[in-house]
1. Taking the chain, how much of its Cα-Cα pair set, in percent, is spaced more than 27 angstrom apart?
2. Let me spell out the model: positive unit charges on the Cβ of Lys and Arg, negative unit charges on the Cβ of Asp and Glu, origin at the Cα centre of the chain. What dipole size does that give, in debye rounded to 20?
3. Could you give the semi-axes, largest first, of the ellipsoid that matches segment 229-284, computed as the square roots of 5 times the alpha carbon gyration tensor eigenvalues and rounded to whole Å?
4. Across segment 74-85, in residue order, what do the Karplus-derived ³J(HN,Hα) couplings come to in whole Hz, using 6.51 cos²θ - 1.76 cosθ + 1.60 with θ = phi - 60° and x for Gly and Pro?
5. With all protein chains present, calculate the accessible area of ARG177 using a 1.4 Å probe and round the result to the nearest 10 Å².
6. Between the DSSP loop rule and a limit of at most 16 other Cβ atoms within 10 Å, which trypsin sites (Lys or Arg not before Pro) in segment 220-273 are left?
7. Where does the longest stretch of the chain lie that holds no GluC sites (Glu not before Pro) found in a DSSP loop with 10 or fewer other Cβ atoms within 10 Å?
8. ³J(HN,Hα) across segment 119-133 via Karplus (A = 6.51, B = -1.76, C = 1.60, θ = phi - 60°), whole Hz, x for Gly/Pro?
Amino acid sequence: MNRTVKDAHVFHISDAALIKSKVLNWLQQFNTFCFLDSCGFPGHQLGFIAGAGVCSMYASSAPDALSGFQEYYTQQKGWLFGHLGYELQTSHTFAASQKEDALLFPDICFFEPEFVVQLKGMQLSIAAAAPHRIFDQIQSSTPRPNRTAGSISAIRSGIDLKEYRGVIEQLQQHLHRGDCYEINYCVEFFAERAAIAPFEIYRRLMEMSPAPFAGLYRLKDQWLICASPERYLKKQGAHLMSQPIKGTLSRQARTADGLQKEREVLFRSQKDRAENVMVVDLVRNDLSRICREGTVQVDELFGIYSFAQVHQMISTVSGRINDTVTLSEILKATFPMGSMTGAPKISVMQLIDRYEKNKRGIFSGAVGYVQPNGDFDLNVVIRSLMYNSSTRYLSYKAGSGITIYSDPEKEWEECLLKAKAIGAVLKGI
């Protein structure tokens, strides 16, 4: 990929947390931006990257949207920030969903920003026409503490436990028939006539549930407030890496010994191991379609990582691609990510469209950036709040991997656990 890197000026700072709050406050002037936040994971050092303002944009929900994006991408010379929606058409064998979508994110949207601001360690780099002017704006930006978070009517579930139990039993019939081996089934929690302050909600969510692939993303009226622990795909040179999550356990212990015992419980869980190895096999198969023969490998299997609310079982799969492989070919081979579908991918996507009540949209899609040299990093949009400020519709979703051994009540509890932090933040409004 023949792309040139836009020059950036580096400024030395003394307080990373303060500069993060100042950058977030500075971003409030833009109606389109993408702020991606590591929250100190991994390595426990705060870092973030943000793209703000629009030089150019590609957004589409057409059946050939990915082809159009590839054409747009090859013409760009700078950074790109944006998202992939779950329903993005990457396969001609899966028909587009006709279900309702109240949030109205396009299936794909990437924009070339006017400004790129990145924090690494104690260095803030700014890529802009006048980086010193932008730095002065950020420095003079005063964070506004204790802002109201808004108002929300009653939060409702799109399905109750009785109906959920019936759906799981139907899905298990498909599993017994061999239609699929595992399926990720998601439920929605939503509110209508909601009015929220996304920056304040994001701040509160990061205090309660910091995550390594968090973000605050705005496309005019569409907002994503994301506390994702999962990476979908990262490209660095010829190296591709995916880190699927399958396996969740509530974090209850408050001592080091107690936390270690909880991690061991998750590590030894046969159900979680079975789900995890199944998605690892799916990711290996996806990567093998675009990577050099013999390069796809499992770098880590059944890694246990602890977050504020849960412990997660995370595996790492990688491979090396040829220089001729395009970005759209990478996405066609790997998206949507197996951890949010199940296996085999096309069959379970058809079942997901049949049994889930509405479109997933940006949920279980990906948000991230593409660098000028073609490298990229994309998360998995989970543990996230979606909001449309014009329709005033607010939504968050949670799911779990269903197998023939799944207990519907336990799967329901897992969904509630994954939605716990967002629900707690919203209850505080």
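The values are calculated or read from the model by the stated rules, or taken from the named source; none is laboratory data. Keep in mind that what you see is a predicted model, and the values were worked out from it rather than measured. Please note: Cβ atoms are built from the backbone with ideal geometry, for glycine as well, and neighbour counts cover all protein chains shown. To get the accessible areas, we keep the full protein, side chains included, count just its heavy atoms, and leave off ligands, DNA and RNA. Shrake-Rupley method; radii C 1.70, N 1.55, O 1.52, S 1.80 Å.
1. On the way: 46408 of 91806 pairs.
In whole percent, the long-distance tail amounts to 51.
2. 760 debye
3. Semi-axes (√(5λ), whole Å): 27, 15, 8.
4. 5, 8, 8, 10, x, 5, 10, 10, x, 9, 10, x
5. Here the accessible area works out near 140 Å².
6. Numbers: sites: LYS220, ARG231, LYS234, LYS235, LYS246, ARG251, ARG254, LYS261, ARG263, ARG268, LYS271, ARG273; in loops: LYS220, ARG251, ARG254.
For trypsin sites (Lys or Arg not before Pro) across segment 220-273 that sit outside H, G, I, E and B with at most 16 neighbouring Cβ atoms in 10 Å, the list reads LYS220, ARG254.
7. Longest stretch, sites excluded: 101-292.
8. Listing the rounded values in order: 10, 10, x, 10, 10, 10, 9, 10, 9, 6, 5, 9, x, 5, 5 Hz.
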